[in-house]
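Quick notes on the structure that follows.
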Amino acid sequence: MSTASVPLPGWITYGLLPFLNILTAFFISGLVVWSIGEDPFAALRLLIEGALGRGDAIGFTLFYTTSFIFTGLSVAVAFHAGLFNIGSEGQAYIGGLGAALVALTLDRYVPWYVTMPFAVIGAAVFGAAWAFIPGWLQAKRGSHIVITTIMFNFIAAALMVYLLVNVLIVPGKMAPETRTFLPGGQLPKLDWLMALFGLKLGPAPFNVSFIIALVMAFLVWVLIWRTKLGYEIRALGFSPQAAIYAGMPYSRTVIITMLISGGLAGMMALNPVMGASARLQVEFVAGAGFVGIAVSLMGRSHPLGIVFAALLFGILYQGGADLSFEMPNITREMIVVIQGLVILFAGALEFMYRPALVRIYQNFVKR
């Protein structure tokens, strides 16, 4: 029997296997660091200290983690239906427009906790709307979802530049951005949460959207594993032909799945737009949509795994910035190489150790 068809316990599939992949990625990264004449153990220490060694560092790490949770969930929901949504970057971009319009409209009239639910809805609706056309084309015309979502990333970028330069820009200013939101349009920092652990948040923009991200992770778990729609989504992902034969509506399921996926990506904008900069700017997504693909793969498309994978990438982003400052030989490009190695072993080579683990597990069970 092929090892690919042998079932393994969840603690191996979702715990041990990703851990071995990450360990291998860091080992290869250590060799790269050693090859340029730097101490890999010192580099690892600086990376961890830069991400987790101070209150403000932890705040920045969790800030990045928040964005990656949203985009990872977005990719995961689509992936459960057998759809590879590469468009989370563009959907998050357009979601920022929805959140910003709500903030600009309400910030001078109501406090932030009244604005927030409308901003969540606005970001989700705009992100879902941007995912609707690729979903409809896939469901009704058979267009490949990867191609259409990639193209929509570029369209979203061009559209947002046009709007920020010609429509939403503050009159008389050169910077292509909206006005700064008033306190009623800003998400407050979670400095009280850090204070519970005796830490000071400092300038880190760690904000309420982190709690929203965790709530969304729980709701995605409920959706995928505890609802009829989630069952249809997973059935479609396992076998579209079998799902259709069983009477499940293919087109409706694909479109709804893409709407949910796009909505989750759109909500990512709450973090940088309303929680950090308090205004809509060009390129605020900063690649988080693409990182979400790696986060989803590493997390095995499970919300809990996505949260931990997002935290790992948050550590790499924040710790990598400090590392490149403390060790000038390790440039930002090398940090990208380390991130790429994590993606390689957690994604493309995610089952590299599975055959060996299957044999070890089978021998252990036989005893």
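Any read-out appearing in this document is the output of simple, stated calculations on the displayed coordinates, not a laboratory observation. Nothing here was measured: the structure is a model prediction, and the numbers come from that model. Cβ coordinates were reconstructed from backbone atoms using ideal geometry, including for glycine residues, and neighbour counts include every protein chain displayed.
Which of the three applies to region 285-367, rounded, prolate or oblate, going by the alpha-carbon gyration tensor with a ≥ b ≥ c and a/c under 1.5 meaning rounded? Present the calculation step by step, with values, prior to reporting the outcome.
On the way: a/c = 2.83, a/b = 1.92, b/c = 1.47.
Judged from the Cα gyration tensor, region 285-367 comes out prolate (a/c at least 1.5, a/b above b/c).
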### Task
Match the structure shown to one of the listed values (1) 21.4, 77; (2) 22.9, 83; (3) 20.9, 67 of Rg and Dmax of the Cα atoms in Å, computed from it, and give that label.
(1)
### Query
Where nothing but the Cβ of Lys and Arg (+1) and of Asp and Glu (-1) is charged, how large is the charge dipole of the chain around its Cα centre, in debye to the nearest 20?
1040
## Note on the structure
If each part is reduced to its alpha-carbon centroid, region 267-346 and region 211-263 end up apart, in Å, by 26
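Extension gain L23-F84, at 0.36 nm per residue separation less the Cα-Cα distance, in nm? Don't jump to the answer; show the numbers that get you there.
Details: separation 61, 0.36 × 61 = 21.96 nm, distance 2.67 nm.
Going from the current span to full extension adds 19.3 nm.
By how many nm would the segment from R252 to Y361 lengthen if fully extended, with 0.36 nm per residue of separation less the alpha-carbon distance?
Result for the pair: 35.1 nm of gain on full extension.
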### Query
Spin-label point model (7 Å from Cα, Cβ direction): what's the F351 to L31 distance in nm?
2.4
## Note on the structure
Between Q241 and V215, Cβ-based FRET efficiency (R0 35 Å, step 0.05) works out to 0.50
### Message
Less than 12 Å Cβ to Cβ from I330, Lys/Arg counted +1 and Asp/Glu -1: what total charge do the surrounding residues give?
### Response
-4
### Message
Averaging over every viewing direction, what projected area does the convex hull of the Cα atoms of region 112-216 cover, in nm²?
### Response
9.7
#### Entry: Sum of side-chain charges, E177 neighbourhood, beta-carbon under 13 Å (Lys, Arg +1; Asp, Glu -1)
+2
### Helix-only [θ]222 nm of the chain, DSSP H runs n ≥ 4, -39500 (n - 2.57) each, per residue, nearest 500
-22000 deg cm²/dmol
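Just order 128-136, 334-342, 356-364 by mean Cβ neighbour count inside 10 Å, highest at the front, would you? Don't jump to the answer; show the numbers that get you there.
On the way: 128-136: 23.8, 334-342: 18.3, 356-364: 13.1.
The densest-packed peptide leads the list: 128-136, 334-342, 356-364.
Would you mind classifying region 189-310 by shape? Square roots of the alpha carbon gyration tensor eigenvalues, ordered a ≥ b ≥ c; an a/c under 1.5 is rounded, otherwise it is prolate if a/b is larger than b/c and oblate if not.
Prolate.
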### Query
Please state the Cα pair-distance histogram of region 1-121 with 5 angstrom bins from zero: what percent is in each bin?
2, 8, 9, 11, 15, 15, 13, 11, 8, 5, 3, 1, 0, 0
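Work out, step by step, the length gained on full extension between V336 and R226: first 0.36 nm times the residue separation, then minus their alpha carbon distance; give nm to one decimal.
35.8 nm
Which of the three applies to region 88-144, rounded, prolate or oblate, going by the alpha-carbon gyration tensor with a ≥ b ≥ c and a/c under 1.5 meaning rounded? Spell out each step's value before the answer.
Values: a/c = 4.31, a/b = 3.40, b/c = 1.27.
Taking the square roots of the gyration eigenvalues as a ≥ b ≥ c, region 88-144 is prolate.
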### Message
How far apart, in nanometres, would the label points at V146 and R234 be if each is projected 7 angstrom from Cα along the Cα-to-Cβ direction?
### Response
2.6
#### Entry: Mean shadow area of region 54-195 over all directions, Cα convex hull, nm²
10.6
## Note on the structure
Label model pair V161, W11: point-to-point distance (7 angstrom along the Cα→beta-carbon line) in nm is 5.3
